[in-house]
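The values are calculated or read from the model by the stated rules, or taken from the named source; none is laboratory data. None of the values given here were measured: they were computed from a predicted structure. Here Cβ is always computed from backbone atoms with ideal geometry, including for glycine, and neighbour counts include all displayed protein chains. Areas reflect the complete protein model, heavy atoms only, side chains present, ligands, DNA and RNA absent. Shrake-Rupley method; radii C 1.70, N 1.55, O 1.52, S 1.80 Å.
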Protein chains: 2
Amino acid sequence: MTGQLTVIGLGPGDPRWLTPAASEALASATDLVGYGPYVDRVSEQPGQCRHVSDNRVELDRARFALGLAANGARVAVVSGGDPGVFAMAAAVFEALETGNPAWRSLDIRVEPGITAMLAAAARVGAPLGGDFCAMSLSDNLKPWEVVEKRLRAAVEADFVVALYNPISSARPWQLGAALTIVAETRGPDTPVILARAVGRPDERIRILPLCKVEASLADMSTVVIIGASTTRRIEKSDSDTPYVYTPRFYGARA
Amino acid sequence: MTGQLTVIGLGPGDPRWLTPAASEALASATDLVGYGPYVDRVSEQPGQCRHVSDNRVELDRARFALGLAANGARVAVVSGGDPGVFAMAAAVFEALETGNPAWRSLDIRVEPGITAMLAAAARVGAPLGGDFCAMSLSDNLKPWEVVEKRLRAAVEADFVVALYNPISSARPWQLGAALTIVAETRGPDTPVILARAVGRPDERIRILPLCKVEASLADMSTVVIIGASTTRRIEKSDSDTPYVYTPRFYGARA
C-alpha cells in the first residue's frame with residue numbers, strides 16, 4: 001500500500017505553538033480528518049479535502065482515516081495538543097490493531113505537539129518541575145475505581161498531578177470526587193492551577209489554594225494541575241498573580 | 001526594572017520541533033544563557049551575547065541570568081525539551097525565590113517545548129495513550145527512597161512510566177534498581193522503549209520486552225518509557241519494529 005497517515009498535534013491553540021514539522025505534515029496532506037474545531041484551526045488549501053466529524057467518535061474517525069490512507073491518500077488526522085496524550089493517536093492504533101490486516105503495511109506516523117499541561121505550566125512558572133503524573137478523569141473508557149486508585153497512589157507518593165478531561169456535562173461529579181480524594185492527603189494551601197483554553201483568545205488561568213477549588217470553576221477545556229507538597233508560590237512585587245513552581249530538590253536541599 | 005527573562009524550550013533536537021514562539025523569543029533576546037550544547041543549537045545573531053556554562057550548575061546559571069535581566073537585558077535561558085520538565089525553569093524560580101527581592105519585579109516567562117517523552121512516544125506509536133507518570137531517576141536532588149516510593153506507587157497503580165535522567169557515569173546503578181522494582185509487578189513481556197537522542201542525527205530507538213532491558217542500553221541522553229499492563233505491540237507486515245501503544249480503554253471495553 002502506498003497510502004500514508006500522520007496523526008498531528010496542533011498544540012493547545014496558539015498557532016505560534018504549532019511546530020514547523022506539524023505545519024509541513026499538514027501542508028503535504030491530501031486529506032484532513034478530525035473533530036471540527038481542530039480542522040478549523042488549519043488553513044484551507046486548494047485541492048485538500050476536509051473530513052470533519054463530531055467529538056466522541058474517535059474510533060470511527062480513526063477507521064475512516066485508515067481507510068482513506070489504504071486507498072492511497074496522504075491523510076492528516078488532526079488532534080489538539082499532543083496527539084499521544086489523551087488524544088487521537090491511541091484511537092488510530094486501536095483501529096489499526098482491530099481493523100483490516102492490510103492496514104499494517106501503511107506508513108503511519110505521529111507528529112508530536114505541545115500538550116495542554118506543558119502550556120499551562122509555562123504560563124504560571126514551573127509547577128511540573130518535580131515528578132508528575134498525567135491522568136484523564138474521564139470514566140467513559142475506564143472504570144472510576146481505576147481513576148480513584150491511580151489518583152490516590154499519585155497523591156500519596158507526592159507526585160504533582162495534571163488532570164485532563166476534568167469535567168463535562170455528561171460527567172459532572174468526577175472532579176469534585178477527585179478533589180475530595182486529593183484533600184485527604186494534600187494540605188489546604190496546596191497550589192492548584194485551573195488553566196482553561198491556554199493560548200486561545202478565551203484563555204483563563206486561575207491559581208487557588210486546594211481548599212478554595214470548586215469543580216464548577218473547570219470545564220471541558222480546562223486542565224487542572226495540583227501541586228505536590230513541595231510546590232510553592234512566589235509572590236510578584238507588582239501583580240496579584242504569583243508564580244507557581246515545584247523545586248527540583250526534595251527533602252533536605254542537596 | 002525593565003529587564004526580561006524567558007526560559008525557552010528548544011525541543012528534543014530536531015529544529016523542525018522548535019516552535020515559532022520559541023524562535024521569536026530567541027531572536028528578540030540580547031543575551032543567551034545555557035549549557036553549551038543547547039546554546040550551540042541556536043543560530044548566531046549579530047549583537048547577541050552568548051553565555052555558555054557547564055552542565056550541573058543550573059542554579060548558578062539561573063542566578064547569573066536573573067542578574068543580567070536585572071541590568072536591563074532581554075535574556076533567553078535555553079533548555080532542551082520543555083523547560084518545565086526536569087530542565088531549567090524550576091532552577092530559575094528556585095533562584096528567584098532565594099535571590100535578590102528586586103528580581104521579583106522582572107518580567108519572567110516560560111516558553112514551552114516538545115519534551116523528550118512526547119517525541120519518543122510519537123516515534124513508536126502512542127505508548128502514553130493512557131494515564132502516565134514522568135519521573136527523574138536522578139538522586140542528586142532527592143533521596144533515592146523517594147524515587148523508589150514513587151516508582152513503586154506508579155507501577156502498582158498501573159501508570160505508564162517515563163524515566164528521565166536514567167543513568168550517568170556518576171549514577172550507574174539507579175536504572176538497574178528501578179528495573180528490578182518494575183519487574184516485581186509488571187510482566188516480563190511489558191514493552192519498554194529506550195529512546196536515545198530523539199530527533200538528532202545519532203537517534204537510536206529500541207523496543208524490548210522488560211525482561212530483556214539492561215541498564216547498559218541507556219545513557220544520559222535516553223528517555224525510558226515502561227508500558228502499563230495494557231500497553232501493546234502491533235507488528236508491522238513489512239518491518240521488524242512494531243508500533244507500541246496504550247489503549248484509551250481499561251478493563252472491559254466501553
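Residues whose amide H falls under 5 Å from that of B:N100, counting only those 5 or more places apart or on a different chain, are absent, with hydrogens built in the peptide plane. When you filter the GluC sites (Glu not before Pro) in segment B:49-158 for DSSP loop state and at most 13 other Cβ atoms inside 10 Å of their Cβ, nothing is left.
Relative to the first principal axis of the alpha-carbon coordinates of chain A, what is the inclination of helix A:174-185, with its axis defined by its Cα atoms, in degrees from 0 to 90 and to the nearest 10? So the helix axis and the longest Cα principal axis differ by about 40 degrees. Loop-located chymotrypsin sites (Phe, Trp or Tyr not before Pro) in segment A:137-235 (DSSP state other than H, G, I, E, B) with a sparse environment of at most 16 neighbouring Cβ atoms within 10 Å: A:W173.
Rounded to the nearest 100 Å², what is the sum over both chains of accessible area buried where A meets B, with a probe of 1.4 Å?
Details: alone 12900 and 12900 Å², together 19250 Å².
The buried area between A and B, both sides summed, comes to about 6600 Å².
In straight-distance terms, cross-link reach from B:K149 covers every one of the aspartates and glutamates whose alpha-carbon lies under 16 Å from its own, apart from those fewer than eight places away in the same chain; here that gives A:D131, A:E156, A:D158, B:D139, B:D158, B:E184. Across the accessible surface of chain A, with the other protein chains kept in place and a 1.4 Å probe, carbon and sulfur atoms take up 50 percent. Largest GNM mean-square fluctuation across B:P127, B:P12, B:P242, computed for chain B with C-alpha springs under 10 Å, falls on B:P242. From the Cα gyration tensor of chain A, with a ≥ b ≥ c the square roots of its eigenvalues, which class applies: rounded if a/c is under 1.5, or else prolate if a/b is larger than b/c, or else oblate? Because a/c hits 1.5 or more and a/b exceeds b/c, chain A counts as prolate.
Rounded, prolate or oblate: pick one for the protein assembly as shown, where a ≥ b ≥ c are the square roots of the eigenvalues of its C-alpha gyration tensor, a/c under 1.5 means rounded, and failing that, prolate if a/b is larger than b/c, else oblate.
Because its axes are fairly even, with a/c under 1.5, the protein assembly as shown counts as rounded.
Remark: mean inter-chain Cβ contacts per residue of B:241-248 equal 6, using a 10 Å Cβ-Cβ cutoff to other protein chain atoms. Among the residues of B:231-238, the average count of other protein chain beta-carbon atoms within 10 Å of the residue beta-carbon is 4. For B:L59, the accessible surface of its heavy atoms amounts to roughly 40 Å² (probe 1.4 Å, protein chains only, rounded to the nearest 10). When the other protein chains are added to the chain by itself, burial of at least 50 square angstrom of heavy-atom accessible area (probe 1.4 Å, ligands and nucleic acids ignored) affects these residues of segment B:91-128: B:F93, B:E94, B:E97, B:R104, B:P112, B:I114, B:L118, B:A122. Rounded, prolate or oblate: which one fits segment A:117-245, using the alpha carbon gyration tensor with axes a ≥ b ≥ c (rounded when a/c is under 1.5, else prolate when a/b beats b/c, else oblate)? It is oblate, given that a/c is not under 1.5 and a/b is not larger than b/c.
Could you compute the FRET efficiency for B:N140 and A:E214, with r as their C-beta to C-beta distance and R0 at 30 Å, rounded to 0.05?
Computed FRET efficiency for B:N140 and A:E214: 0.15.
Working from label points 7 Å from Cα in the Cα-to-Cβ sense, the A:R204 to A:N100 distance is 4.6 nm.
Over chain B, accessible surface divided per residue gives 38 Å², non-protein components excluded, 1.4 Å probe.
A:S43 contributes an accessible area of around 90 Å² to the protein surface, as traced by a 1.4 Å probe with all chains present.
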